[in-house]
Every structure is written in C-alpha cells, then in structure tokens.
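Heads up: the structure comes next, in structure tokens.
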Amino acid sequence: MSTQPLTILQVLPRLDTGGAERAVIEIAEAIQNSGHLALIACEEGGALTSAALRTGAELIALPLATKSPLTIRRNATRLQSLIAERGISLVHAHSRAPAWSALWATQRTKTPFITTYHGAYSQNSIFKRRYNAVMAAGDRVIAVSAFIAGLIRARHATPEAKLRTILGGVDAQKFDPAGVLGDRVSRLAREWRLDVGRPTILLPGRLTGWKGQKLLITALAKLRHADAIAILAGSDQGRENYTQNLIALAQSLGVENRLRLAGHTEDMPAAMMLADVVVNASTDPEAFGRTIIEAQSMGRIVIAADHGGARETILPNETGLLFPPGDANALAAAIDAALDLPPDARVWWGQHARAHVASNYSVAAMQNAVLSVYAEVLK
C-alpha cells in the first residue's frame, strides 16, 4: 500500500468469537504492522475486544449489530461522518447489516469499499437474496474458500476481475503442540472434570443450532466407546434456551454425565491438546471452518461434515475424516474409528495434518493477500 500512513476502517456487528471476527483482528494487526492505522467499528463489548486492542487498532463504538432498516440507514450517516472526520482511505465490511451502511456511506464519500463473504447465507426468500447481495457489492469481493467463491459466482454473477479467493490461516506459533507448556492442559482437565484415560471429543464453536451440537450428543449415545466424554467449547451468546435444550437432549439419551458445556474457552490450543478427536458437525456448510485447520495444526484427528469448506481443508483418511452431514450414525462410526487407532497411527495422522496446514494455511499469507487487495483498489 501507500508509503504514506493510511486509515483503514473495518466494520462488523461485534467482536464475539468466530472466524470472521478473528480475521478482522488479524487484518488489523497487518494494517498496524504496515505503518497504517486500523479502525474497527462495531458494537461495544465482545469476547475478542481485548485481542483487537492488543493489535493497536482503535475501536469505534457504533450500533452495527442491528438489522433494523432505520438504524442501518442512520449508521450509514454515522459512517459517512466518520470517513470524513478521520480521513478514512478504505472501508472493509465483514457482515451484511454493517455492509449496507458502509456501502451507502462509501458511495456518498467516493471511498473504496471491500467486502469479505464469510458465510453461505441462506437464500430462501427474495428479501434474503437482496439482503445478501451487498456482500458482493464491493470494489473487490473476497471469498474465504473456493466453495464460497463458487456461491458468489452462481448467486451474484460477480466478474472475475473483482473476485479474490483468500483462505484463512493458522497462527502456527499459537497452535503448536510444542508450545502448550506448563499446566495449561491439566488445568482445563480439572476445570472440565475429566478423568485421566477416558477418550475425549471436542466440538469447538459457539452454541447455535447449525453448529451441530445436538448431532454430536446424539452420536455420543451411539458410540462403542461408551466411556468417551464430549466437550462443547463455545458460548451460547445469550441463547440460553438452546443450552437448556442441549442438556435436556443429553438427559433423554442418558449421556448427561458424559457431556461438558465448557462455555467460551480462551485457551483453545490447550483444549485441542486435551482432545483425542476434534469434531466439526455443522449441519449447514461451513464457509471455511477455521477450527478445522487449527485442530490439524495441533496434530489432532479431525472429523467433519462432508460439505462446504471442510472438503478443501481436510485430506480424507490422511489428515481427517469426513461424514455425511446430519448423519449421527456415521458420525459415531467415524469417532469410534478414530478412537480405535493405535498411538503410533494417531501420531502419524497428527504429523501429516500439521504439515498439511503449515504448507497451505498461513495467517501471514492471508494478511499479505488482503493488503494486496487494498493496494489494488487504492491505486
């Protein structure tokens, strides 16, 4: 980008846990490290606020989580004023409602506008199709996987000249088995009431219906490894009824004593080290699936639903296993197969998975690619 300091604004609803939110933080870090100023506009609060501030980025509190048409319009005016007051050179949107506000603000101010298409976004109505279209309205449109790039082409007929596929990456230092030192793993084992020697299955991700927590609980009741424990590591973000439904399902299947609801987990590398198997059971396709590559980087065997981004990040029977989406019997069989592997085979799988991720999914590569897109537009 320019040798002169620029101010780059990213917009998203809030800094809660999730792949899009972590990408925003990693991009902010790259902007700051390049000698420019990163601004992030979102709702106040959020589990990743401290992580964002550690990059040196400046947070701007705006009510961008709302889907109210009136507030979205007001946010456009707020962003227009912010662009003018702070001399913002480029705006990058990561979610639909903030993207609409940003689109209108950048059109009024003639400011370059970038979008990243982070989700598969349902298209079950005319309204939804119109609402989703803003994510393909940028001067450049970033797809987080080949799967998402295909959706964008099919849905929006986006010209290839505007479309860029930039894969997510793993912090290889953070997600390194050799770097999980001290009592980090044993502390989590105590906190989660895990018994030494019992097989452990981890499903990382916020508690919401499409992430497949119910599917894993159902599969847990079907396992041959009847002593296995499942850990759901993620916040329900206020969806308390869903959490209670998970508990009720476990009770109805007689596996409530084999289920741990861990809530938001700051030390995900230690949580993955604690697991024998990491599961991604999403019932809708993952746009990319960051936890899949994080778990592979930690040398874990990953079992994921066979759709979306998982098809790109897992080499079947080499770095992980795929199962038909929504099939609890198949998920149980895959978990049993992984737990049946002898120790030397698990080590081989883990080493192969880590090498695969190191070769293909780098945070630095993602950051450099995004900055290159900024440079294209800013020319």
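The values are calculated or read from the model by the stated rules, or taken from the named source; none is laboratory data. What you are looking at is a predicted structure, and each value in this text was computed from that prediction instead of being measured. Reconstructed Cβ throughout: ideal geometry from the backbone, glycine too, with neighbour counts over all protein chains shown.
Are there helices (runs of 4 or more DSSP H) fully within the stretch 157-252 with at least 1 residues that are of a type in the set (Asp, Glu)? List them.
Details: elements: 184-191, 213-220, 240-252.
Of the helices (runs of 4 or more DSSP H) lying wholly inside the stretch 157-252, those with at least 1 residues that are of a type in the set (Asp, Glu) span 184-191, 240-252.
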Original post:
Among the residues of the stretch 51-80, which ones are over 25 Å from Asn132 (Cα atoms), modelled with pLDDT of 95 or more and in a helix (DSSP H, G or I)?
Top reply: Ala52, Leu53, Arg54
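Taking the condition surrounded by fewer than 17 Cβ atoms within 10 Å (Cβ to Cβ) and not polar (S, T, N, Q), does Arg140 pass?
On the way: surrounded by fewer than 17 Cβ atoms within 10 Å (Cβ to Cβ): no; not polar (S, T, N, Q): yes.
No; evaluated as a whole, the condition is false for this residue.
Suppose we filter Gly182, Gly238, Gly197 for residues that are closer than 18 Å to Thr17 by Cβ, out of contact with any His (no Cβ under 6 Å at 6 or more places or on another chain) and of a type outside the set (A, V, I, L, M, F, W, C); which single one remains?
It is Gly238.
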**OP:** Would you be able to say whether some residue in the stretch 177-187 is surrounded by fewer than 16 Cβ atoms within 10 Å (Cβ to Cβ) and over 29 Å from Val357 (Cα atoms)?
**Re:** no
Original post:
Which is crowded, with 21+ Cβ neighbours inside 10 Å and assigned by TED's automatic domain parsing to the domain that holds Thr165, of Gln296, Gln367?
Top reply: Gln367
**OP:** Determine, yes or no, whether Arg190 is exposed (fewer than 13 other Cβ atoms within 10 Å of the Cβ), free of Cβ contacts under 8 Å to residues at least 24 places away in the same chain and either out of contact with any His (no Cβ under 9 Å at 6 or more places or on another chain) or aliphatic (A, V, I, L, M) (or both).
**Re:** yes
**OP:** Among what's in the stretch 115-137 and is exposed (fewer than 13 other Cβ atoms within 10 Å of the Cβ) and of a type outside the set (S, T, N, Q), pick the residue that is nearest to Leu371 (Cα to Cα).
**Re:** Arg130
Subject >> Selection within the stretch 202-237 - basic (Lys, Arg) and either crowded, with 21+ Cβ neighbours inside 10 Å or not assigned by TED's automatic domain parsing to the domain that holds Glu266 (or both) >> reply: Lys211
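Quick one: which residue in Ala38, Ala102 is in a strand (DSSP E or B) and buried (at least 18 other Cβ atoms within 10 Å of the Cβ)? Quick ask: steps written out before the conclusion?
Working: Ala102 fails: in a strand (DSSP E or B).
Sole residue among the options that is in a strand (DSSP E or B) and buried (at least 18 other Cβ atoms within 10 Å of the Cβ): Ala38.
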